[in-house]
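Student: Have a look at this one before I ask anything.
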Amino acid sequence: MPAQHCFSRLFAAFFGAALLMMSVDASALSRRDQAAVDAITARMEAAETAYKQALVKMGNADPAGSGEADKALEDMEDVVAACSGQRGCSVPSLLSTYKRLLKLTADIEGSDLLFDELPPGTAGHHITSFAEDVPEAARAAALLDDDGHRFDRMVQYNPAVQEGIRRWLTDMRGALLTSYENYQYMRHLMWPQYERAGLPEALLFGILAKESNGRVHSTSRAGAAGPLQFMYATGKRFGLGDDGTGFDTRYDAYAASEASVSYLNERMRELNGNIELALAAYNGGEGRALRVYQGAGGKGFWDADVYAQFPPETRDYVPMVIAAAWLFLHPDEYGLTLPRVDPKPAQLRLEQPASIYQLTICLGNRGVREGYMRALRNYNPRYQADDRLPAGTILQATTRIAGLYKRQCIRGPRADMARELVASDPGRAIK
């Protein structure tokens, strides 16, 4: 759409509106006129949002983006025309918005910018290169700093992330709530490492939710294991693996979190602080991410040439992590009621032999959604749920779990029932 045509049409609207406004006392607007002005303003805001979303598609090499951008600009012209004939409507303010967006189009087309490199204040500005002397962790923290609004733009104007939010809030809502509950129990084990490194808590939660739903014993078909899903070789490089007792520390929440921080910082250094590519490396392999980044001349994840070189799993993973991080920061805006958890840590000493299964039964689930088995397993990853642990064993737990254990799991009908249930032998049912 030629700029000359746009402004010739809008100049006529502006001139006519100026004549109309000379006789209008703004304070004397009727309720009907004010309602009409408000409706026009809302139409302009909707057209502006549609235009910015079209820019994202253009940056992602989506052929639909150009047509949608033109339509949004045409909608703005119609809004300005309607404003020019409406008593009390300020055409200059609408023209200012229109001119700013039209100039943005000219800037993008003139400099051949892609989505990763849009000017400040537009979608994609969050991927711009960081200064060389800024620590890697601080780069990610700045990206997800809600006060800086860059994360806002990453989410609000990226359809892939919006789709991720939809999925977390619909068929995956249960998984998100479970992830949040599990994370709250493990927060004191995982968050301090991220906090010391200056990495955002929302990023930790997003990775945890997508990788394992906060289950420390989670494993993948490819061989990744633990709450943050390290492959064996990668985990070993970052200090994870057999600790000499036969226990794989990839399943340890504290150790896995520490390794995750080191891994992300290393990826951020290689990928010029690009958080999406660092996440792509986390899922799709660091070697692949680095080759793609270098081969594409440093372009970002959402560039069509870069995006196409990652497998579907990674193309799904990156926006889903970002979406979970966003919901962690803004649950109320989406009607998301997060579970209340009482995670104050405490130790529990078994007074009698018991398994985690047995404890789960006698503890019950009053005040929690699914009982305490997952919390006990996450706190004590060295033990399987059916391992019979001897008296005197020290288990990591919470003050609430420890209190319930003393009241319900040592003696009494609940304790007896739990012992009987875990001792049951299905084979004895056959006669």
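The values are calculated or read from the model by the stated rules, or taken from the named source; none is laboratory data. Note that the structure is a prediction, hence the values are computed from the model and not measured. Glycine also receives a Cβ, built like all others from the backbone with ideal geometry; neighbour counts cover every protein chain displayed.
Student: Any idea which residue in region 204-230 is surrounded by the fewest Cβ atoms within 10 Å (Cβ to Cβ), counting only those that are closer than 16 Å to Y263 by Cβ and among the aliphatic types (A, V, I, L, M)?
Tutor: Looking at the filtered set, the residue picked out is A224.
Condition check ((1) in a helix (DSSP H, G or I); (2) of a type in the set (F, W, Y); (3) closer than 30 Å to N380 by Cβ) across all residues:
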| site | (1), (2), (3) |
| --- | --- |
| N272 | no, no, no |
| E276 | yes, no, no |
| G287 | yes, no, no |
| G298 | no, no, no |
| W302 | no, yes, no |
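Student: Working carefully through the options R388, R400, R377, R407, find the one that is touching a helix residue (DSSP H, G or I) at 6+ places or on another chain (Cβ under 8 Å) and charged (D, E, K, R). Step through it out loud before you land on a result.
Tutor: On the way: R388 fails: touching a helix residue (DSSP H, G or I) at 6+ places or on another chain (Cβ under 8 Å); R400 fails: touching a helix residue (DSSP H, G or I) at 6+ places or on another chain (Cβ under 8 Å); R407 fails: touching a helix residue (DSSP H, G or I) at 6+ places or on another chain (Cβ under 8 Å).
Exactly one residue qualifies, and that residue is R377.
Student: For the condition assigned by TED's automatic domain parsing to the domain that holds N283 and in a loop (DSSP other than H, G, I, E, B), what is the one hit in R221, R187, R196?
Tutor: Only one candidate passes the filter, namely R221.
Student: So if I check each of I361, I401, which one is among the aliphatic types (A, V, I, L, M) and touching a strand residue (DSSP E or B) at 6+ places or on another chain (Cβ under 8 Å)?
Tutor: I401
Student: Looking at L329, L336 in this structure, which one is modelled with pLDDT of 95 or more and within 15 Å of the chain's Cα centre (by Cα)?
Tutor: Within the list L329, L336, the selection yields L336.
Student: Now a separate question. Any residue that is among the aliphatic types (A, V, I, L, M) and touching a Pro at 6+ places or on another chain (Cβ under 8 Å) - is there at least one of those in region 400-408?
Tutor: Taking region 400-408 and keeping what is among the aliphatic types (A, V, I, L, M), we get 401-402, 404.
Okay, now just the ones that are also touching a Pro at 6+ places or on another chain (Cβ under 8 Å), so none.
No, region 400-408 has no match at all.
Student: Moving on to the next point. Identify the residue in region 252-261 that is of a type in the set (G, A, S) and within 17 Å of Y379 (Cα to Cα) and, among all such residues, is surrounded by the most Cβ atoms within 10 Å (Cβ to Cβ).
Tutor: A256
Student: Identify, by number, the condition in (1) modelled with pLDDT of 95 or more; (2) more than 26 Å from the chain's Cα centre (by Cα) that Y317 doesn't meet.
Tutor: (2)
Student: For A255, state whether it is of a type in the set (G, A, S), modelled with pLDDT under 95 and more than 21 Å from the chain's Cα centre (by Cα). Before you say what the answer is, go through the steps one by one.
Tutor: Values: of a type in the set (G, A, S): yes; modelled with pLDDT under 95: no; more than 21 Å from the chain's Cα centre (by Cα): yes.
Against the criterion (of a type in the set (G, A, S), modelled with pLDDT under 95 and more than 21 Å from the chain's Cα centre (by Cα)), A255 does not qualify.
Student: Across region 361-407, what is the number of residues that are more than 18 Å from P227 (Cα to Cα) and either of a type outside the set (S, T, N, Q) or surrounded by 19 or more Cβ atoms within 10 Å (Cβ to Cβ) (or both)? So that I can check it myself, show each step before the final result.
Tutor: Initially, region 361-407 is screened for residues more than 18 Å from P227 (Cα to Cα), giving 361-371, 386-395, 398-407.
Now narrow it down to the ones that are either of a type outside the set (S, T, N, Q) or surrounded by 19 or more Cβ atoms within 10 Å (Cβ to Cβ) (or both): 361-364, 366-371, 386-392, 394-395, 398, 400-407.
Looking only at that region, the number is 28.
Student: Can you find a residue in region 335-342 that is assigned to a helix (DSSP H, G or I), within 28 Å of T249 (Cα to Cα) and not acidic (D, E)? Can you show your working first?
Tutor: We begin by selecting, within region 335-342, every residue assigned to a helix (DSSP H, G or I); these are none.
No: zero hits.
Student: Ok, one more. Among the residues of region 210-224, what is the count of those that are within 20 Å of N265 (Cα to Cα) and in contact with a Ser or Thr (Cβ under 7 Å, 6 or more places away or on another chain)?
Tutor: So the answer is 0.
Student: What pairs come up if the first residue lies in region 236-255 and is in contact (Cβ under 8 Å) with a residue 12 or more places away in the chain and under 22 Å from E195 (Cα atoms), the second is surrounded by 15 or more Cβ atoms within 10 Å (Cβ to Cβ) and basic (K, R), and their beta carbons are under 6 Å apart, counting only those six or more places apart or on different chains?
Tutor: Filtered contacts from region 236-255: L240/R250.
Student: Something else now. Quick one: how many residues across region 231-268 are of a type in the set (S, T, Y) and touching a helix residue (DSSP H, G or I) at 6+ places or on another chain (Cβ under 6 Å)?
Tutor: 3
Student: So which residues in region 389-408 are part of a loop (DSSP other than H, G, I, E, B) and more than 39 Å from the chain's Cα centre (by Cα)?
Tutor: The answer is P390, A391, G392.
Student: Also, quick follow-up: When the residues of region 236-251 are filtered to those that are assigned to a loop (DSSP other than H, G, I, E, B) and surrounded by fewer than 21 Cβ atoms within 10 Å (Cβ to Cβ), which remaining residue is nearest to the chain's Cα centre (by Cα)?
Tutor: The selected residue is F238.
Student: Within region 157-203, can you find the residues that are among the charged types (D, E, K, R), more than 13 Å from the chain's Cα centre (by Cα) and at pLDDT 95 or above?
Tutor: Narrowing region 157-203 to residues among the charged types (D, E, K, R): 163, 166-167, 171, 173, 181, 187, 195-196, 201.
After this cut, where a residue has to be more than 13 Å from the chain's Cα centre (by Cα) as well, the list is 171, 173, 181, 187, 195-196.
Those that are among the charged types (D, E, K, R), more than 13 Å from the chain's Cα centre (by Cα) and at pLDDT 95 or above: D171, R173, E181, R187.
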